[in-house]
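The values are calculated or read from the model by the stated rules, or taken from the named source; none is laboratory data. This structure is a prediction, so every number in the text was calculated from the model and none was measured. For neighbour counting, all protein chains shown are included, and Cβ atoms are generated from backbone atoms with ideal geometry for every residue, glycine included.
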Amino acid sequence: FFLTINSKTLNPEKPCKRLVLYYHDILFNVTNSANATSANVSNPLNNVLGDFNFGMLVVFDDPITRDQNLMSTSVARAQGFYLYNMKSKYNAWFAYTLVFNSSEYCGTLNIMGADIIEQKTRDLSIVGGTGDFFMARGVVTFSTDAVEGLGYFRLKMDIKLYECY
Amino acid sequence: FFLTINSKTLNPEKPCKRLVLYYHDILFNVTNSANATSANVSNPLNNVLGDFNFGMLVVFDDPITRDQNLMSTSVARAQGFYLYNMKSKYNAWFAYTLVFNSSEYCGTLNIMGADIIEQKTRDLSIVGGTGDFFMARGVVTFSTDAVEGLGYFRLKMDIKLYECY
Amino acid sequence: FFLTINSKTLNPEKPCKRLVLYYHDILFNVTNSANATSANVSNPLNNVLGDFNFGMLVVFDDPITRDQNLMSTSVARAQGFYLYNMKSKYNAWFAYTLVFNSSEYCGTLNIMGADIIEQKTRDLSIVGGTGDFFMARGVVTFSTDAVEGLGYFRLKMDIKLYECY
């Protein structure tokens with residue numbers, strides 16, 4: 001018998017799994033190599049293309065915690081990069097993996113999408129998963145939770161999976 | 001009761017949604033910061049690895065229009081990057097988000113894949129979506145629509161979704 | 001009638017398609033432009049952030065073979081990039097496309113995920129496909145098969161698709 005994909009229904013309000021996590025990014029500034037968790041690796045454009053870091057590409061290995069405290073035990077690492085891409089405002093784009101390796105979860109979630117910073121919340125796609133998140137898909141909602149100059153920012157990541165196996 | 005995924009059928013000729021859009025890229029050349037929509041951010045290799053920009057990585061925030069005219073009202077932005085990756089010919093790779101924020105659509109489509117420029121058409125994957133495109137998947141077919149030196153090119157993007165919710 | 005996605009079952013042990021392939025990477029070192037298949041394009045951080053190439057971003061167009069021999073006929077190309085992202089050990093992140101263009105397969109597989117080098121095997125996500133791999137999804141298991149200094153490494157890629165159309 002045949003069944004077309006269109007008969008599937010997914011309800012945005014009813015994820016099959018949900019996790020709320022916090023992402024902490026400490027940008028390398030030459031003097032903070034002990035604490036830094038990310039670094040700009042692009043050729044500096046010196047803001048000739050606007051005043052909002054257009055083209056800055058930041059590689060990160062950032063801690064993920066269950067609460068807002070940077071010093072809490074990390075429950076995962078976020079590994080990948082973000083880049084800034086607008087001339088007229090701060091606006092970013094992310095591609096990264098959440099790497100879980102704890103007693104609770106072992107596996108990864110792979111994520112990409114636009115981080116439209118001016119919006120209070122913005123959605124990125126969870127495009128795949130492995131291990132305990134085998135073949136998962138979903139949406140992660142970002143909201144900015146703290147910003148301290150260029151040196152530190154914290155994102156709330158509201159992770160909603162709609163395909164769980 | 002159990003149903004395996006393999007009983008799903010998808011027909012390449014029958015997307016559940018289709019959009020034909022045009023992508024315009026104006027590369028920053030030091031003098032055109034007012035009009036530029038993209039910039040090379042990689043460490044220049046000065047073409048020591050072939051003559052086709054191997055390693056050039058371009059961050060963009062490019063307008064998307066319904067017709068071929070760069071001056072038409074944009075219906076979305078394309079935000080992300082492309083890079084050149086062959087020694088023997090022009091060949092690229094894209095990862096980006098189509099950001100829709102109009103009366104017609106609000107949401108994003110996340111896309112990645114090889115842009116095999118020598119082929120008349122080439123297919124990339126739509127790996128996820130949000131908002132009006134919640135959990136979408138599909139294929140986008142690129143074709144080069146115009147090239148003006150290194151400064152401007154236009155792609156036709158034939159977007160076909162096969163998973164719609 | 002309605003059917004929720006959760007009724008789908010996928011068995012990690014029973015992919016609908018499986019391919020074992022080898023990936024060969026020869027890093028550009030200024031003197032080997034004839035043989036090099038990849039190049040570092042990031043702004044060098046000179047290892048100020050640890051001793052493990054943090055921030056190094058490598059663009060590649062790498063041959064893919066059916067056996068371990070670099071000189072075997074390539075059955076595909078791997079096009080995209082990897083980056084190193086840890087201060088305390090070698091650890092990488094990949095996003096790339098397998099481009100098949102042979103009598104056996106024509107099409108692409110799009111892949112992203114963490115390459116946690118210290119693990120004997122690690123899983124990345126196959127997030128989409130085109131052509132003969134239309135709309136495919138799955139998991140690719142990496143294992144390091146050979147390392148020769150910084151100049152050459154070979155990965156075994158065990159490709160398992162769980163959604164085939």
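Data table
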{"read-out": "Hits in the range C:138-165 - residues which are basic (Lys, Arg) and in contact with a Gly (Cβ under 7 Å, 6 or more places away or on another chain)", "value": "C:Lys160"}
{"read-out": "Residue match in the range A:86-101 (condition: within 12 Å of chain C (Cβ to nearest Cβ), more than 28 Å from B:Thr108 (Cα to Cα) and either of a type outside the set (S, T, N, Q) or not in a loop (DSSP other than H, G, I, E, B) (or both))", "value": "yes"}
{"read-out": "Filtered residue count, the range B:9-29, keeping only those that are touching a Ser or Thr at 6+ places or on another chain (Cβ under 6 Å) and charged (D, E, K, R)", "value": "1"}
{"read-out": "Leading residue by the ranking (nearest to B:Gly128 (Cα to Cα)) among those in the range C:101-118 that are surrounded by fewer than 20 Cβ atoms within 10 Å (Cβ to Cβ) and in contact with a strand residue (DSSP E or B) (Cβ under 9 Å, 6 or more places away or on another chain)", "value": "C:Gly107"}
{"read-out": "Test: A:Ser143 is of a type in the set (S, T, N, Q), surrounded by fewer than 23 Cβ atoms within 10 Å (Cβ to Cβ) and under 30 Å from B:Ile26 (Cβ atoms)", "value": "no"}
{"read-out": "Residue in the range B:38-53 that is over 18 Å from the mean Cα position of the chain (by Cα), surrounded by fewer than 16 Cβ atoms within 10 Å (Cβ to Cβ) and away from chain C (no Cβ under 14 Å) present", "value": "no"}
{"read-out": "Test: residue in the range A:61-76 that is among the charged types (D, E, K, R), at the interface with another protein chain (Cβ under 7 Å from one of its Cβ atoms) and under 25 Å from C:Asn53 (Cα atoms)", "value": "yes"}
{"read-out": "Search result, residues across the range C:70-85 that are in contact (Cβ under 8 Å) with a residue 12 or more places away in the chain and either of a type outside the set (S, T, N, Q) or closer than 15 Å to B:Asn85 by Cα (or both)", "value": "C:Leu70, C:Val75, C:Ala76, C:Arg77, C:Ala78, C:Gln79, C:Gly80, C:Phe81, C:Tyr82, C:Leu83, C:Tyr84"}
{"read-out": "Subset of the range C:60-85 (residues that are assigned to a loop (DSSP other than H, G, I, E, B) and not small (Gly, Ala, Ser))", "value": "C:Arg66, C:Asp67, C:Gln68, C:Asn69, C:Leu70, C:Met71, C:Thr73, C:Val75, C:Asn85"}
{"read-out": "Residue list for the range A:19-40, restricted to those being in contact (Cβ under 8 Å) with a residue 40 or more places away in the chain, under 16 Å from A:Val59 (Cβ atoms) and of a type in the set (Val, Ile, Thr)", "value": "A:Ile26"}
{"read-out": "Residues of the range C:119-138 satisfying the condition of being within 8 Å of another protein chain (Cβ to nearest Cβ), buried (at least 24 other Cβ atoms within 10 Å of the Cβ) and either within 13 Å of B:Gly113 (Cβ to Cβ) or hydrophobic (A, V, I, L, M, F, W, C) (or both)", "value": "C:Leu124, C:Ile126, C:Val127, C:Gly128, C:Gly129, C:Thr130"}
{"read-out": "Options A:Asp67, A:Asp62; residue that is touching a residue at least 12 places away in the same chain (Cβ under 8 Å) and under 14 Å from the mean Cα position of the chain (by Cα)", "value": "A:Asp62"}
{"read-out": "Which listed residue is without any contact (Cβ under 8 Å) to a residue 24 or more places away in the chain and farther than 30 Å from C:Tyr162 by Cβ, from A:Ser103, A:Ser125, A:Ser88, A:Ser143", "value": "A:Ser143"}
{"read-out": "Filter result for B:Gln79 (surrounded by fewer than 17 Cβ atoms within 10 Å (Cβ to Cβ) and either farther than 30 Å from A:Cys16 by Cα or facing another protein chain (nearest Cβ under 8 Å) (or both))", "value": "no"}
{"read-out": "Hits in the range C:115-165 - residues which are more than 18 Å from C:Thr65 (Cα to Cα) and within 12 Å of the chain's Cα centre (by Cα)", "value": "C:Asp115, C:Arg122, C:Asp123, C:Leu124, C:Ser125, C:Ile126, C:Val139"}
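Results for (1) over 28 Å from C:Ala39 (Cβ atoms); (2) not in a strand (DSSP E or B), shown as yes or no for each residue.
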{"position": "C:Asn110", "(1), (2)": "no, no"}
{"position": "C:Ala114", "(1), (2)": "no, no"}
{"position": "C:Gly128", "(1), (2)": "no, no"}
{"position": "C:Phe134", "(1), (2)": "yes, yes"}
{"position": "C:Thr141", "(1), (2)": "no, no"}
{"position": "C:Asp145", "(1), (2)": "no, no"}
{"position": "C:Leu150", "(1), (2)": "no, yes"}
{"position": "C:Leu155", "(1), (2)": "no, no"}
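Condition check ((1) at pLDDT 95 or above; (2) in contact with a Lys or Arg (Cβ under 9 Å, 6 or more places away or on another chain); (3) aliphatic (A, V, I, L, M)) across all residues:
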site: C:Asp25; (1), (2), (3): yes, yes, no
site: C:Val30; (1), (2), (3): no, no, yes
site: C:Val48; (1), (2), (3): no, no, yes
site: C:Pro63; (1), (2), (3): yes, yes, no
site: C:Met71; (1), (2), (3): yes, no, yes
site: C:Ala92; (1), (2), (3): yes, no, yes
